[in-house]
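Shown next, in structure tokens, is the structure this report addresses.
The values are calculated or read from the model by the stated rules, or taken from the named source; none is laboratory data. This is a predicted model, so every value here is computed, not measured. FYI the Cβ positions are ideal-geometry reconstructions off the backbone, even for glycines, and counts take in every protein chain you see.
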Amino acid sequence: MARVGIYGASGYTGFELIKILTRHPGVEIAFATARSAAGQRLSDIFPTLIDQQLVSADEANLAGVDLIFTCLPHGAAELLPIVQQALERGVKVVDFSDTFRLRDPDDYQRRRGKPHPAPELLSTAVYGLPELHRDAIRRARLVANTGCYPLTAILPLWPLERAGLIADRTVIVDSKSGVSGAGRSLSLKTHFGETHETFSAYTIGRSHRHLGEMEQETGLHIIFSPHLLPVFRGILSTIYVTLRPGVSLEEARAAYGVYAGEPFVRLLPPGRLPELRLVQNSMHLAIGLQPVEPEHGRYIIVAALDNLLKGASGQAVQNMNLMLGFEETTALQ
Ligand SMILES: NC(=O)c1ccc[n+]([C@@H]2O[C@H](COP(=O)([O-])OP(=O)(O)OC[C@H]3O[C@@H](n4cnc5c(N)ncnc54)[C@H](OP(=O)(O)O)[C@@H]3O)[C@@H](O)[C@H]2O)c1
């Protein structure tokens, strides 16, 4: 049995991760940490989960552990020492935050306005998207699990870009996310009264922190407008893309043949568009491709996934399976 540790087990992604890991035949949970919930049992918080003691990060014992998942909030001061200590001790890491997702330290500095705190780790980190980087993930010691929004842009756009079909390098990505995307910690923004029966845009245009990974992986210039949807889980993105004039629907759809063997990516039949219900509680990213004015190359793509599964914890287990030599879909189907 492989032994794994989970930092930040009492959050939303931790909950989904533990649900998956407890049905994984090759893995046992060595420890699970929390901050304010340290000292409680996991089953006190999530009564349907295993009865595991939650310890503080300081109490986590890495002895005999093969891999850790770090499900800590963006910017948690504890993250970097935890990752460094694990790597020094030969323990592999799947990190959920956006700390290691940009390969180029200069790109990080440009986008964040400050230097990366551990640039030497960026060159060893692999962007945790199996559909694009499967072999590198198998060899990786540090995997930067992808952002949930970025997946809904990268996976639909990459086949078209790879096939040389995109004419206009600027692409508009308009996304809507359920509130679980912001995590379980209390905040006014995700308070019931602030989200119920309303709908709002935020950090629109060029300012969202996950724009960088979308541009890194697609090579495109992206205008990105995220919205907060009054549902719990799921992201649906509408993408406005201009292909070469006259590219037919058949030609554009053929580009997605690159996903033919992929277990978790589905191009829907012509005329069908994804909706959240199709992907909630599932590992699948669904893509619908709609010609608008194909004579001018204008297409709309709609993509949807479950932010907590393919967008976070499911993807993390897919990466872990590759890193530890398990069948890639173990515990995920
Ligand atoms: N939610 C999503 O859909 C999603 C998707 C993709 C990626 N992610 C990323 O995954 C990570 C976790 O997200 P989440 O939604 O699971 O967050 P969350 O629900 O807020 O959970 C955060 C977890 O980290 C612990 N924690 C909080 N502050 C800490 C600190 N300073 N030091 C150590 N532990 C701390 C919390 O413990 P207590 O409960 O005891 O306070 C909790 O266990 C984030 O980096 C997020 O951006 C999330």
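A few comments on the model shown:
- Every pair of residues 6+ apart whose Cβ atoms lie under 7 Å, when the first sits in the range 320-333 and is within 16 Å of residue 144 (Cα to Cα) while the second is outside any helix (DSSP H, G or I) and at pLDDT below 95: none
- Once the range 16-33 is narrowed to residues that are small (Gly, Ala, Ser) and part of a strand (DSSP E or B), the residue that is farthest from the chain's Cα centre (by Cα) is 30.
- Selection of first residues in the range 22-43 that are touching a residue at least 12 places away in the same chain (Cβ under 8 Å) and of second residues that are part of a strand (DSSP E or B) and among the hydroxyl-bearing types (Ser, Thr, Tyr), restricted to Cβ pairs under 7 Å at least 6 apart or on distinct chains, gives the following pairs, ordered by first then second residue: 33/7.
- Once the range 22-45 is narrowed to residues that are small (Gly, Ala, Ser) and within 11 Å of the ligand (Cβ to nearest atom), the residue that is surrounded by the fewest Cβ atoms within 10 Å (Cβ to Cβ) is 36.
- Looking across the range 137-189, the residues that are of a type in the set (Val, Ile, Thr) and assigned to a helix (DSSP H, G or I) come down to 137, 152, 154, 179.
Every residue, every condition in (1) touching a residue at least 40 places away in the same chain (Cβ under 8 Å); (2) more than 19 Å from residue 208 (Cα to Cα); (3) among the acidic types (Asp, Glu), yes or no:
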{"site": "151", "(1), (2), (3)": "yes, no, no"}
{"site": "161", "(1), (2), (3)": "yes, yes, yes"}
{"site": "167", "(1), (2), (3)": "yes, yes, no"}
{"site": "173", "(1), (2), (3)": "yes, no, no"}
{"site": "177", "(1), (2), (3)": "yes, no, no"}
{"site": "189", "(1), (2), (3)": "no, no, no"}
{"site": "193", "(1), (2), (3)": "no, yes, no"}
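- Among the residues making up the range 143-201, those that are closer than 21 Å to residue 234 by Cα and of a type in the set (Val, Ile, Thr) are 146, 152, 154, 172, 173, 179, 190, 195, 198.
- The residue list 267, 249, 276, 236 contains one member that is over 16 Å from residue 152 (Cβ atoms) and among the hydrophobic types (A, V, I, L, M, F, W, C), which is 249.
- Scanning the range 57-67 for residues that are surrounded by 14 or more Cβ atoms within 10 Å (Cβ to Cβ) and either near the ligand (Cβ under 10 Å from one of its atoms) or not in a loop (DSSP other than H, G, I, E, B) (or both) turns up 57, 67.
- Flag for residue 153 being within 15 Å of the ligand (Cβ to nearest atom), modelled with pLDDT of 95 or more and farther than 14 Å from residue 315 by Cβ: yes
- Restricted to the range 259-333, the set of strands (runs of 3 or more DSSP E) holding at least 1 residues that are within 16 Å of the ligand (Cβ to nearest atom) and crowded, with 24+ Cβ neighbours inside 10 Å comprises 285-293, 298-305.
- The listed residues are 48, 13, and the only one of them that is surrounded by 20 or more Cβ atoms within 10 Å (Cβ to Cβ) and either within 15 Å of the ligand (Cβ to nearest atom) or in a loop (DSSP other than H, G, I, E, B) (or both) turns out to be 13.
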